[in-house]
Amino acid sequence: MAAQAPTLPRAESTTTTRRLLHDSLDPAVRAIAGDASAMVQFAAGVLAWGHGIRGYGPFRTGRILAREQAGERLEAALGGLRPDALTPAVLEDCYERFTTTAKLPGLGAAFFTKLLYFAGYRRGEGGIQPLILDRVAAP
């Protein structure tokens, strides 16, 4: 059975939402490893960050996360991502999984790189950091 996708309200301010997500999701992702339902909740929060102003983001996010095995696929793609051992090879492996074995229809690079960013970003540290690859963040 698919994990229950949350109902996603429209944010009052995308700037406030982005700041709150960035500050709160960093420690949260470590606590959800191995929990498919929690992984869906994490993804809902991260994907809300990219909803924009057109209004179809919550619908698309809900549709993606309501798919059978969404949580398991997210866990499979992000399971090897550990901020304490982040290397180019690890990021490449996660990216590859999102496009092959852990692929979720509707979850393209613009969205799954947001997941990689929030799951692997190491605040206050240099070196390798995940990047968001979409037309707004990386024109």
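Taken together, the values in this text are just the output of simple stated rules run on the coordinates, not laboratory data. Predicted model only: the values in this text are computed from it and were never measured. In this analysis, Cβ positions are derived from the backbone assuming ideal geometry, glycine residues included, and neighbour counts consider all displayed protein chains.
Structure notes:
- Residue-span extension gain [residue 53 to residue 128] - 0.36 nm each, minus C-alpha spacing: 23.9 nm
- The distance between label points at residue 37 and residue 69 comes to 2.1 nm (points 7 Å beyond Cα on the Cα→Cβ vector).
- Highest to lowest packing among 120-132, 104-116, 59-71, scored as the average C-beta count within 10 Å: 104-116, 59-71, 120-132
- Here the 3J(HN,Hα) profile of the range 90-97, calculated from phi with Karplus coefficients 6.51, -1.76 and 1.60 at θ = phi - 60°, is 5, 4, 4, 5, 4, 4, 4, 4 Hz, Gly and Pro shown as x.
- Relative protection proxy for 95-101, 74-80, from highest mean packing down: 74-80, 95-101 (other beta-carbon atoms within 10 angstrom).
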